[in-house]
Amino acid sequence: METLPTIDVALARRLVDTQFPQWAGSPLLPHSPGGSDHVIYRLGEDLSVRLPRHTGAINQAKKEAEWLPRLAPHLPLAVPDLVGVGEPDFGYPWPWAVSRWLDGEVATVDALSGSHEAACVLAGFLTALHRFDAEPAEDLTGRPLAARDTATRSAIAKAGDAFDQAAMTELWDTALAAPGADGPPVWSHGDFHTGNLLTTGGRLSAVIDFGEFGVGDPARDLIIAFTLMSAETRATFRAALAVDDATWTRGRGWALATGLNAYIHYAAVNPRVAAQTTRQITQALDG
């Protein structure tokens with residue numbers, strides 16, 4: 001089992017003060033909620049510090065520092081702006097990031113599920129992202145949907161009676177059988193769900209957490225249609241993005257697989273995740 005580092009304010013303070021002395025006098029306060037991948041601190045008024053919790057997130061700081069400055073000018077919503085990547089020290093083993101603080105509230109279903117404007121904005125964001133033209137490094141090539149087959153079938157079984165197992169199995173089989181993308185792989189956010197969207201004044205303002213950013217199936221980013229939208233706004237989103245049947249079916253498969261994975265691992269200990277993933281799975285089944 002992975003041994004996880006102990007992360008607290010004292011550690012974050014030592015790391016910042018030693019490696020970025022220009023911010024040694026800035027207040028450092030825990031930010032809640034953080035996330036399953038990072039512990040987050042507010043650094044002064046304008047910055048944040050993100051420390052990975054586990055090995056699955058240790059490449060994110062350097063990836064975002066390299067790619068987001070190139071990507072940001074092409075996108076209609078703000079993305080993280082890293083101002084420094086810290087190095088391991090004081091027993092903390094991984095790279096970490098200092099970023100400019102992005103104001104906003106995490107997008108919610110209650111606020112935006114019925115917004116056709118938000119659906120169109122998200123379609124515009126994905127259109128721009130999928131058109132980003134840059135040669136990726138080999139390690140930025142994402143896994144296909146089929147790579148999740150064993151884990152997803154196991155999760156369907158583990159979910160028990162929480163959902164319709166026959167319906168989940170039918171959707172999963174259909175998604176795997178759907179034709180692949182018609183064209184070369186595209187750049188993808190990779191974890192495009194409600195928790196990674198910010199709003200200001202009730203309107204979408206930023207997309208965060210590019211830890212899964214890479215090149216792969218555009219259907220993976222359709223997860224947002226099942227985490228945030230209603231049936232009506234999903235239709236608006238799909239039309240604005242001009243998604244064909246095969247891609248939409250694969251998108252439902254991505255939503256099912258990722259929703260089940262989070263449900264199995266976190267729902268029992270986190271009511272917020274339980275509610276979010278339950279919605280994601282049932283919306284994916286509805287189509």
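Observations on the model:
- Qualifying residue in segment 245-265 (condition: touching a helix residue (DSSP H, G or I) at 6+ places or on another chain (Cβ under 7 Å) and without any contact (Cβ under 8 Å) to a residue 24 or more places away in the chain): yes
- Taking the numbered list (1) closer than 24 Å to ASN59 by Cα; (2) without any contact (Cβ under 8 Å) to a residue 12 or more places away in the chain; (3) not in a helix (DSSP H, G or I) in turn, VAL269 passes all entries but (1).
- Tally, over segment 1-44, of residues that are polar (S, T, N, Q), out of contact with any strand residue (DSSP E or B) (no Cβ under 6 Å at 6 or more places or on another chain) and either buried (at least 16 other Cβ atoms within 10 Å of the Cβ) or without any contact (Cβ under 8 Å) to a residue 60 or more places away in the chain (or both): 4
- For segment 33-58, the set of residues classified as under 16 Å from the mean Cα position of the chain (by Cα), among the charged types (D, E, K, R) and not in a loop (DSSP other than H, G, I, E, B) consists of ARG50 only.
- For the criterion of being crowded, with 18+ Cβ neighbours inside 10 Å, modelled with pLDDT of 95 or more, under 13 Å from the mean Cα position of the chain (by Cα) and small (Gly, Ala, Ser), GLY259 passes.
- Options SER99, SER113; residue that is closer than 30 Å to ALA166 by Cα, modelled with pLDDT of 95 or more and within 19 Å of the chain's Cα centre (by Cα): SER113
- Complete set of residues in segment 194-237 that are assigned to a strand (DSSP E or B) and over 16 Å from LEU102 (Cβ atoms): GLY214, VAL215, GLY216
- Of everything listed in (1) surrounded by 13 or more Cβ atoms within 10 Å (Cβ to Cβ); (2) over 23 Å from VAL273 (Cβ atoms), the single unmet condition for PRO184 is (1).
- Subset of segment 87-120 that is in a loop (DSSP other than H, G, I, E, B) and among the charged types (D, E, K, R) - its residue that is surrounded by the most Cβ atoms within 10 Å (Cβ to Cβ): GLU87
The values are calculated or read from the model by the stated rules, or taken from the named source; none is laboratory data. Nothing here was measured: the structure is a model prediction, and the numbers come from that model. Cβ sites come from the backbone with ideal geometry, for glycine too, and all protein chains shown count toward neighbours.
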